[in-house]
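Novice: My structure is below; once you've seen it, I'll send some questions.
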Amino acid sequence: MYYEKDASLHDIDGEVVAVIGYGIQGKAFAANLRDSGIPVIVGNRADAYREAALRDGFETQSIIDAVKGASIVILLIPDEAHPDVYDAQIRPHLDEGDLFVVAHGFSLRFERIVLPANVDVALLAPKMFGKPIRQRYLEGSGVLAFIDVIQDASSRALRRTLGVSQAMGFTRYGVLPVSHATETELDLFQEQFLTPLLLDTFRIAFEVLVEAGYDPIPSLLDMHASGEMAEMMAEAASSGLYEVIEQQGSPTCRFGVQRYLGKLIGEEVKGKGKDILQDIRSGGFVEALSKEAEAGYPSLSEYQALYQASDVTKTHDRYRDILGSR
Ligand code: NDP
């Protein structure tokens, strides 16, 4: 793990960083780098995102001009847009010795973009969305990030990427070396296995209660909308998955938990997890994603219609209305 003592802003002295994209990650990267004294150019199409960067006081240019004006290029647009944007607007303008950084290994792991041999290439993947990255930086702390040097043309790729990590506040928390392939596969597995499992679990818990005649609003609140479960998971992230129950749970709670732990889901679900992981690693998911994108994301529309029509979403909307009337 790399910490503050392992990194130095001097390793990126005199360098200009092009932050390509001003969305969830781009906004946080641009702001933290600037506050650490690093010159930043935001590269974006001329639209609302670019307007936002201008309003926030950034020098803002087209993607091509930002790449031309920088020696460190951080690509922070959605992964599915990487190949087209990279091929047309970035690759032709990368100079020898530039450092090219991605925040997720997807495009490199699945060889959707091909980097010239004369540039440094690194993964610097924050394990957090943009708002907390900015918030923690302002509070004087940081978030975890994974780091991987994929190409080291300058012999300084790691030092430079650690310099960026420090400017982002990541070394305040810790930066863990993890290969870009592993980072990609873990991230996709979390999205495809753990996230649906958690969302479906909350929905099923809600449905069991409502079908048994309980009022939907308190049911929704007690299952997840009060934020208590989220706090428990936040606590578990630091103290440990089971320790949080030991430390925070009453004997009644602990007895209830142990009564069913390991009995509700088991080998069948684990088997599905293994299948999903295999699909990710073999490239099956990427192939399916490409077909979905070519067809205009029909499954996404179906999923939106499904969740908008669900009782759990309707109850949440009602709950928001109640809160709004405070
Ligand atoms: P966003 O969806 O927030 O990115 C929006 C930005 O991308 C806007 O500036 C948008 O500008 C630009 N953009 C979108 N499509 C295109 C396009 N076709 N051509 C040019 N610009 C485009 O992305 P995120 O910040 O969520 O993700 C950025 C990267 O960070 C990804 O690689 C992601 O995997 C990674 N990451 C994301 C995390 C997260 O929490 N979201 C966590 C860790 C890593 P406009 O549409 O105006 O062109």
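Novice: Does M128 satisfy being assigned by TED's automatic domain parsing to the domain that holds E15, within 16 Å of the ligand (Cβ to nearest atom) and buried (at least 24 other Cβ atoms within 10 Å of the Cβ)?
Specialist: Judged against the criteria, M128 is not a match.
Novice: Scan segment 99-112 for residues that are part of a loop (DSSP other than H, G, I, E, B) and open to solvent by 10 Å² or more (accessible area, probe 1.4 Å) and report the count.
Specialist: Residues flagged as part of a loop (DSSP other than H, G, I, E, B) and open to solvent by 10 Å² or more (accessible area, probe 1.4 Å) within segment 99-112 amount to 5.
Residue-by-condition table, conditions (1) more than 7 Å from the ligand (Cβ to nearest atom); (2) open to solvent by 10 Å² or more (accessible area, probe 1.4 Å); (3) outside any helix (DSSP H, G or I); (4) in contact with a strand residue (DSSP E or B) (Cβ under 6 Å, 6 or more places away or on another chain):
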{"position": "Q25", "(1), (2), (3), (4)": "no, yes, no, no"}
{"position": "A31", "(1), (2), (3), (4)": "yes, yes, no, no"}
{"position": "R34", "(1), (2), (3), (4)": "yes, yes, no, yes"}
{"position": "Y49", "(1), (2), (3), (4)": "no, yes, no, no"}
{"position": "A53", "(1), (2), (3), (4)": "yes, no, no, yes"}
{"position": "I64", "(1), (2), (3), (4)": "yes, yes, no, no"}
{"position": "E80", "(1), (2), (3), (4)": "yes, yes, no, no"}
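Novice: Of all residues in segment 82-125 being within 13 Å of the ligand (Cβ to nearest atom) and among the β-branched types (V, I, T), which is farthest from the chain's Cα centre (by Cα)?
Specialist: In this case the residue turns out to be I90.
Novice: Taking the options D321, D275, name whichever one is surrounded by fewer than 14 Cβ atoms within 10 Å (Cβ to Cβ) and modelled with pLDDT of 90 or more.
Specialist: D275
Novice: Hey, can you tell me all the residues within segment 16-38 that are within 17 Å of D65 (Cβ to Cβ) and not β-branched (V, I, T)?
Specialist: A18, G21, Y22, G26, A30 - these are the residues of segment 16-38 that are within 17 Å of D65 (Cβ to Cβ) and not β-branched (V, I, T).
Novice: In segment 1-23, what count of residues is obtained for those that are β-branched (V, I, T) and open to solvent by 10 Å² or more (accessible area, probe 1.4 Å)?
Specialist: Qualifying residue count for the region: 1.
Novice: Another question about this same structure. Only one of S219, S238, S250, S226 is of a type in the set (S, T, Y) and at pLDDT below 90. Can you tell me which?
Specialist: That would be S238, the only listed residue that is of a type in the set (S, T, Y) and at pLDDT below 90.
Novice: Quick one: what pairs do we get from segment 138-157, first residue modelled with pLDDT of 95 or more, second in a loop (DSSP other than H, G, I, E, B) and open to solvent by 40 Å² or more (accessible area, probe 1.4 Å), C-beta under 6 Å, 6+ apart or different chains?
Specialist: V143/M128; L144/K127; D148/S179; A153/N118
The values are calculated or read from the model by the stated rules, or taken from the named source; none is laboratory data. Computed from a predicted structure; not experimentally measured. With ideal geometry, Cβ positions are generated from the backbone for all residues, glycine too; neighbour counts draw on all protein chains shown. Protein only, heavy atoms only, side chains kept; ligands, DNA and RNA dropped before computing areas. Shrake-Rupley method; radii C 1.70, N 1.55, O 1.52, S 1.80 Å.
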